[in-house]
Amino acid sequence: MSEKILLVNPPFYRLLGSHYNANSLGIAGIAAYLNQHGHDAYLYNADFLNEIDYANLRDLFDGFKDYTEFFKNENDPIWDEVVEKIILSDANWVGYTSYTANVTAIDIISRKVKTQKPIIKQVIGGVHATLDHNVLEKLSGIDFSVQREGEQAMLELVEGKSPNDIVGVVSRDDTGLCNNGDAAVMPIDDLPFPEREKFYGLTDEEKLMVDVSYICSIRGCPYRCNYCASPFHWKRDKTQYRSPESVIKEMKLLKENYWSRYKEYDYSASANIGKKSALKIVDNTIVYFVDDVFTVKKPRVKQILKMMIDQNLGMNWKCEARTDHLDEEICELMAQAGCVRVKLGFESGSDKVLKDIQKDETKEDMKIGAKMLKDAGVPFTAYFMAGFPTETDEDLRETINFAKEIDADYYSLSVLAPYYGTKMYYDLIEQGVELDKKPWEYFFHQTGDLMVNDKIKKETLNEYLALNALNEKGKGYV
Ligand code: B12
Ligand code: SF4
């Protein structure tokens, strides 16, 4: 029997005065799989805002304090708006995608849905559900949690298989929680492309504002940086790579059906920068490879890049990479194949800090990689963080000097937040830092305050944050 399923991206950026209008690939992948198996699955992005609603909001990220207030007031109209839409959808299954920062939103919404229409079965999946095996204990409105890849587990749930027999599902039983471990790794090339049509709750005009040009070509990352959730979410040794043929096929599908088909503006993705105008991105004109390290397998990426060039795709794209997974040939091919931005996590200019955070990359590697991109004319964004637990004032000074030296096209300068489920998070708890007592939304921290460091002087931190001025000279945010 065909089931109606609503897959929800909970509100998050909207609460901060921003929005997120792109297609959320986790739930889009699950929807495609369910639809391929004869079900009726829709995507509901509760973070979506149309042009008018967005224009009425304050400047980006001014309101961290207001943002936390939303979670204290369960009667705020935003929660009822989302709940009402869920109920109106008439779905008998609802699935929420989770990051740590949006778990409280899922809690509030799912409890209200449970009260108003208890017959709806509610499922949580995604990063937080994978990292927190006991998340069901904290979410009374949710019936099941899915760990790791959700396609097969969600299909078996909606098709009525006993939750106790589904790999990857956590359910409740008389003794507490029944945890069936992580879902099996999906054969990545056999999966259907993500759902890009069935958007719930949007007008036809609004549907055209969804940026559907995100592509996931790799699931996981083989590295082990201690501030990052990826090694625990995907498991390093289970990293999956799609074939170059499959990646090119998806790019062609985008080009033929969605490429730059409508608008002249949007700010689909969020970033923590002060000026909205600097976020002006034209959607569906740039493919975003959301892979942790797009270039991680050099022969594979060279093949993909050569195929983009040989087949005259003529599409612009951006990706995330590591400087130690670049070489001159890759950089040249990237330039020819339409790469408009490489996002590089430099994190620190201090080799001591890089070692402490298990980056497995040195400052010298980073300089070499950045130079190769510059020589090939490929623009890059440099991501830095301040406030690592062992970082001294001198270390941050090294970061400031290094950031100036590499001359990036755009800088993203953050203060470290120890995310739930990372090695750093557990190490800090062991050292007595009570991160586990903080509300979930604490892990999205944009106040500019140091969270787990008391060695860095306020003036040095201010000098670091003032590096934002360098963005005036570069090629802007992409
Ligand atoms: C692209 C991306 C973004 C984009 C798009 C987000 C989106 N809504 O799609 C943007 C830039 C907006 C973003 C924002 C943020 N992100 Co982000 N993001 C990513 C990234 C790089 C890829 C996500 C992706 O599309 N993966 C591909 C899909 C296929 O995988 P998936 O989403 O995990 O889905 C699979 C499973 O998780 C599961 N699943 C997912 N949802 C559901 C739902 C159900 C019902 C079921 C059954 C299963 C299921 O099945 C899916 C298919 O197998 C990941 C890192 C990574 N490589 O995973 C970080 C990552 C998810 N982000 C992270 C963080 C911290 C954030 C921010 C908090 C950062 C910030 N300070 O702004 C915000 C939070 C946004 C929010 N709404 O809460 C962390 C999460 C850590 C944590 N403990 O929560 C990650 C893991 C990065 C990291 N390595 O640490 N992000
Ligand atoms: S290389 Fe990037 S994605 Fe991989 S573990 Fe390090 S920070 Fe995470």
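The values are calculated or read from the model by the stated rules, or taken from the named source; none is laboratory data. The model shown is predicted, which means the values in this text are computed figures rather than measured ones. Cβ atoms come from the backbone with ideal geometry, glycine included; neighbour counts cover every protein chain shown.
Based on this model, can you work out whether E463 counts as assigned to a loop (DSSP other than H, G, I, E, B) and modelled with pLDDT of 95 or more?
no
Exactly one condition in (1) within 16 Å of ligand 2 (Cβ to nearest atom); (2) surrounded by fewer than 21 Cβ atoms within 10 Å (Cβ to Cβ) is not met by V127; state its number.
(2)
Limited to the stretch 139-196, what total is found for residues that are among the hydroxyl-bearing types (S, T, Y) and at pLDDT below 95?
1
Considering only the stretch 84-107, state which residues are surrounded by fewer than 20 Cβ atoms within 10 Å (Cβ to Cβ) and either in a strand (DSSP E or B) or not hydroxyl-bearing (S, T, Y) (or both).
Those that are surrounded by fewer than 20 Cβ atoms within 10 Å (Cβ to Cβ) and either in a strand (DSSP E or B) or not hydroxyl-bearing (S, T, Y) (or both): E84, K85, I87, L88, D90, N92.
With surrounded by 22 or more Cβ atoms within 10 Å (Cβ to Cβ) and more than 16 Å from ligand 2 (Cβ to nearest atom) as the only criterion, which of A382, A408 stands out?
One residue alone meets the criteria, A408.
Of the conditions (1) more than 12 Å from ligand 2 (Cβ to nearest atom); (2) modelled with pLDDT under 95; (3) surrounded by fewer than 21 Cβ atoms within 10 Å (Cβ to Cβ), V210 satisfies every one except a single condition; which number is it?
Condition (3) is where V210 drops out.
Being farther than 22 Å from D283 by Cα, part of a strand (DSSP E or B), touching a Phe, Trp or Tyr at 6+ places or on another chain (Cβ under 9 Å) and not small (G, A, S) is the filter here; which residues of the stretch 1-43 pass it?
K4, I5, L6, L7, listed by residue number.
Would you pick out the residues in the stretch 361-379 that are within 14 Å of D327 (Cβ to Cβ), buried (at least 17 other Cβ atoms within 10 Å of the Cβ) and acidic (D, E)?
The answer is D365, and nothing else.
Regarding the stretch 354-375, can at least one residue be identified that is under 16 Å from N226 (Cβ atoms), hydrophobic (A, V, I, L, M, F, W, C) and within 26 Å of the chain's Cα centre (by Cα)?
Checked the stretch 354-375: at least one residue is under 16 Å from N226 (Cβ atoms), hydrophobic (A, V, I, L, M, F, W, C) and within 26 Å of the chain's Cα centre (by Cα).
Only one residue in F289, F388 is within 16 Å of ligand 1 (Cβ to nearest atom), touching a residue at least 12 places away in the same chain (Cβ under 8 Å) and farther than 21 Å from S414 by Cβ, so which one is that?
That would be F289, the only listed residue that is within 16 Å of ligand 1 (Cβ to nearest atom), touching a residue at least 12 places away in the same chain (Cβ under 8 Å) and farther than 21 Å from S414 by Cβ.
Applying the selection to the stretch 287-301, what residues are surrounded by fewer than 17 Cβ atoms within 10 Å (Cβ to Cβ) and basic (K, R)?
Matches in the stretch 287-301: K297, K298.
Of (1) surrounded by fewer than 21 Cβ atoms within 10 Å (Cβ to Cβ); (2) free of Cβ contacts under 8 Å to residues at least 40 places away in the same chain, T447 satisfies all except one. Which?
Every condition holds for T447 apart from (2).
Scanning the stretch 48-67 for residues that are within 19 Å of K85 (Cβ to Cβ) and buried (at least 21 other Cβ atoms within 10 Å of the Cβ), which turns out modelled with the highest pLDDT?
Per the criteria, the residue is F48.
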